[in-house]
Structures are given as structure tokens and as C-alpha cells.
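Note sheet for the following structure.
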Amino acid sequence: MTLKNILKEIRQKKGYTQEELGTNVGVSRQTIISIERYRYKPTLELAMKIAQKLNIKIEKLFYFE
Amino acid sequence: MSLSKKELSIIVEILFSILFAFIYMPFFYENSINPHSDLVRKTIEIVIFVIIYFSIAYSLLEIVFKKTEAKDERDDMINSKSYKLGYLLYEIGLFVFIGTLLNNLSFQNNGSIIFLTLMLIIFISFVKSSYQLYLHRTF
């Protein structure tokens with residue numbers, strides 16, 4: 001089972017750049033890129049901040065495949 | 001591809017290693033074949049070079065990136081992975097160093113350098129493992 005996400009899709013739908021989202025949740029643009037490419041699994045705290053910022057439930061944003 | 005301040009400061013360190021190798025290694029290589037007493041002056045020169053290089057490089061970074069970068073949660077993981085690799089390379093390097101010393105006849109009757117090097121390896125290994133155990137129990 002691999003942890004995946006729909007972060008890029010939701011981020012673009014809400015009109016945020018990677019840098020804007022990163023700044024809003026307290027991480028770098030590179031971290032957002034790594035999450036979107038499944039290279040980095042965020043901490044629970046960061047995942048919740050992202051979900052809150054994008055106004056989406058965390059279990060919809062992240063899923064197991 | 002835009003680089004962050006952190007990535008640029010790492011590139012500064014990589015460039016330093018390359019510059020140092022090109023500028024100073026020929027001298028030390030030549031010195032290993034034909035020893036001469038210029039080492040103290042050269043060491044002072046290296047220290048000055050290091051201070052000037054990093055002062056200029058980091059000042060330029062501060063000028064270009066006025067905003068301080070916030071700590072990112074990936075930083076600890078990236079740092080620990082790179083330091084782990086660095087530690088492994090230092091250990092291998094020290095064993096190569098000891099092997100070179102043992103190969104050199106003039107050091108075979110002078111065990112103090114080998115003793116000191118081994119003491120350092122054991123001390124570093126002990127501290128590293130103790131700290132690792134402490135973190136496992138408390139982190």
C-alpha cells in the first residue's frame with residue numbers, strides 16, 4: 001500500500017501556487033513539490049494544515065493505493 | 001529551476017570543496033613528494049581563504065534573499081541522511097588513513113599517531129551510539 005494524494009489537483013483548483021501554499025502552511029515550495037510527487041510523506045500536522053488551508057477533508061486529500 | 005537559499009548555501013559548500021581541491025591540492029601533493037617547510041604559511045593562507053570565501057558567499061546570499069527562510073519539516077530528515085553518509089565516509093577515510101600510516105615504515109615504530117586516531121574513532125563511535133540510544137528512549 002502506497003500513500004498518495006490529490007494535492008496538485010486541489011491546489012490548482014483553489015488557485016494556489018506551490019510557493020503560496022508552502023508559505024501558508026509553513027514549509028518550502030520544495031516540500032510541496034515533494035509531497036505532490038509522492039517523494040515525501042508529510043507529518044500529520046502538516047497534512048492537516050494543508051487540508052485545512054485547501055478546505056478539504058484530510059482523508060479525501062490523502063489516500064492509500 | 002529556481003533554487004532556495006538553503007540549496008544555494010549547499011552549492012556554496014560544494015563549490016568551496018572544488019575550489020580548494022584545484023587551488024591547494026597540487027601544493028600538498030608536491031609537498032608529499034618533496035617536503036618543504038612552507039606548511040605553516042600555507043595553513044594560515046588556507047584559513048584566510050576560507051574566512052574570506054564564506055564571508056563573501058553568505059553575505060551575497062543574505063543580500064539576494066532578504067527574507068529569512070523558515071525551518072522546513074524536511075530539513076531534519078535531509079540533514080540526518082546527509083550526516084549519516086558523511087559519518088560513514090569519515091570512518092572509511094580514517095581506516096584508509098591508518099592503513100596508509102601502517103604502510104609507511106617511519107610510522108611503524110611510532111604508534112602514537114595510530115593510537116590517537118583509534119582513540120578518536122572509538123570516542124566518536126561511543127558518543128554517536130550513546131546519543132542514538134538516548135534518542136530512541138526519549139524522542
Starting with the highest mean, order A:14-23, A:27-36 by the number of other Cβ atoms within 10 Å, averaged over the residues of each peptide. A:27-36, A:14-23
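Need one value for B:122-129: mean number of C-beta atoms belonging to other chains within 10 Å of its residues' C-beta atoms. It would help to have the intermediate numbers written out before the result.
Numbers: counts 0, 0, 0, 0, 0, 0, 0, 0.
Average neighbour count from other chains, rounded to a whole number: 0.
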Where does the Debye-calculated log10 I(q)/I(0) of the stretch B:71-139 sit at q = 0.15, 0.16, 0.24, 0.28 Å⁻¹, using only Cα point scatterers of equal weight, no solvent? -0.65, -0.70, -1.08, -1.21
Viscosity 0.692 mPa s, temperature 37 °C, Stokes-Einstein D of the stretch B:1-47 from Kirkwood C-alpha radius, µm²/s: 260
Compute the semi-axes of the equivalent ellipsoid of the protein assembly as shown, taking the square root of 5 times each eigenvalue of the Cα gyration tensor, and list them largest first in whole Å. 46, 25, 14
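Grab the DSSP H runs of chain A that are 4 residues or longer, score each as -39,500 (n - 2.57), total them, divide by all residues and round the 222 nm result to the nearest 500 deg cm²/dmol. The partial results should precede the final answer.
Numbers: 5 runs with 37 residues, N = 65.
Calculated at 222 nm, the ellipticity per residue is -14500 deg cm²/dmol.
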Taking the Cα atoms of the stretch B:4-82, what is the range of coordinates along each of the three principal axes, in descending order and whole Å? 50, 29, 17
Work through the residues other than A:Lys4 whose Cβ is under 15 Å from its Cβ and net out their charges, Lys, Arg +1 and Asp, Glu -1. +2
Take the Cα radius of gyration of chain A and divide it by 2.2 N^0.38 Å, with N its residue count; two decimals is plenty. 0.97
With just the Cα atoms of the stretch B:22-139, tell me how far they stretch along each of the three principal axes, in Å, largest first. 54, 42, 18
Using a Gaussian network model on chain A with a 10 Å cutoff between Cα atoms, which of A:Lys53, A:Lys13, A:Lys41 fluctuates the most? A:Lys13
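Throughout, read-outs are computed from the coordinates displayed, never taken from laboratory work. In this text, all values refer to a predicted model and were calculated from it rather than measured experimentally. Here Cβ is always computed from backbone atoms with ideal geometry, including for glycine, and neighbour counts include all displayed protein chains.
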